[in-house]
1. Pick out the one residue from 252, 219 that is part of a loop (DSSP other than H, G, I, E, B) and among the hydrophobic types (A, V, I, L, M, F, W, C).
2. Restricting attention to the stretch 23-39, which residues are closer than 18 Å to residue 56 by Cβ and charged (D, E, K, R)?
3. Pairs under 8 Å by beta carbon, first residue surrounded by 19 or more Cβ atoms within 10 Å (Cβ to Cβ) in the stretch 32-46, partner part of a helix (DSSP H, G or I) and modelled with pLDDT of 90 or more, six or more apart or different chains?
4. I'm trying to understand the selection: among the residues of the stretch 157-178, which are buried (at least 18 other Cβ atoms within 10 Å of the Cβ) and under 26 Å from residue 300 (Cβ atoms)?
5. For residues that are free of Cβ contacts under 8 Å to residues at least 60 places away in the same chain and within 12 Å of residue 269 (Cα to Cα), scanning just the stretch 290-316, find the one that is farthest from the chain's Cα centre (by Cα).
6. Given (1) more than 30 Å from residue 128 (Cα to Cα); (2) crowded, with 21+ Cβ neighbours inside 10 Å, where does residue 207 come up short, assuming only one miss?
7. For the stretch 129-167, give me each residue that is among the hydrophobic types (A, V, I, L, M, F, W, C) and part of a loop (DSSP other than H, G, I, E, B).
8. Take the stretch 168-200 and flag every residue that is in a loop (DSSP other than H, G, I, E, B) and either under 15 Å from residue 254 (Cα atoms) or modelled with pLDDT under 90 (or both).
Amino acid sequence: MGEACTYTHPDGAPPSRADKALAEFFGAKTSRTKMESSFAEGKVRIGGKPIAKRFMLHAGDLVEIELPDSPETEVKPVEIPVEILYEDNDVVAVNKPAGMTVHPGSGTGEDTLCHAMMHHCGGNLSLAGGPLRPGIVHRLDKETSGVMLMAKTDDAYYRLVEMFSKHELYKEYAALICGVPTVRSGIITKNIARHPLFKTKMCASDDIESGRDARTEWFVEKAFGSRAALVRCNILTGRTHQIRVHMSSMGFPIIGDYTYAFQKNKLKDIMAPERVMLHSRRLKLEHPTLRGKTLDLSAQPPKDFKMLAEELERVYG
């Protein structure tokens, strides 16, 4: 938890953009980077609701601000239990729990996956991506569970980064969605761009000039009546929040994804989860350093995912 404070736009002061007013208020007491992070993470609020940098403040407006802590300069090993799926001298695969942040950042503590893996590997993770991202070649959202692959050596790191950037691997996810598509499978090809107001969100666009190319194959594995479904998603690109944004753009948000349009009242007969029901189920690729060896890594969904699927089956059939 970072530093929390309030600012009231003075009586008689002319309207002002929130970022400019706060920059003047804090002066040299805080950095521009910290303020940018607070806006991007929705931690600048009026009446509990996040505001954008360009929001116009008027006299009497009370703004609540939470500034991030100063970042760590290195990741220390912390003993946190993790499930190892595969390991050799160059790479290690882990089943990331839902609710665990992958690497340190604004507002995080010493409880990230990187902290846990630095302990498990005795500090032997590649630092080629920077001291705060040891071993990281790809990432999962905090609420997403499942297979993650990390690099222990620099040779493995650079090859894996190349493979992920060129999409030279197979990535499969399982998701529980609200609603049931009228067809059993399809492919979504909408570009994904940063949201114009909230920088922590993404949005889908049909405009080929907007955002970045994104392609998601999806297959309905099981329908729960007409109210929900279990889908398999294969991502052919790797954009931020890709599956979440694409499924929501079709009108089938992932259950528990309140950022991208899931609403509890759409499934009134069940206890809606507090996290996004998305799981990285399988990752298949050529070993980055051992020629001729294939890594086929998989992890079963966690208990809360399975229990929700069972409840959907029981309630909706």
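1. On inspection, the qualifying residue turns out to be 252.
2. Correct list: 24 only.
3. Qualifying pairs under 8 Å: 35/19; 35/22; 39/18; 39/19; 44/18; 44/22.
4. Residues satisfying the conditions are 160, 171, 172, 173, 174, 175, 176, 177, 178.
5. 314
6. (2)
7. Of everything in the stretch 129-167, those that are among the hydrophobic types (A, V, I, L, M, F, W, C) and part of a loop (DSSP other than H, G, I, E, B) turn out to be 132, 137, 140.
8. Correct list: 179, 180, 181, 195, 196, 197, 198, 199, 200.
The values are calculated or read from the model by the stated rules, or taken from the named source; none is laboratory data. All figures in this text were calculated on a predicted structure; none of them were measured in a lab. Note: ideal-geometry Cβ built from the backbone for every residue, glycine included; neighbour counts use all protein chains shown.
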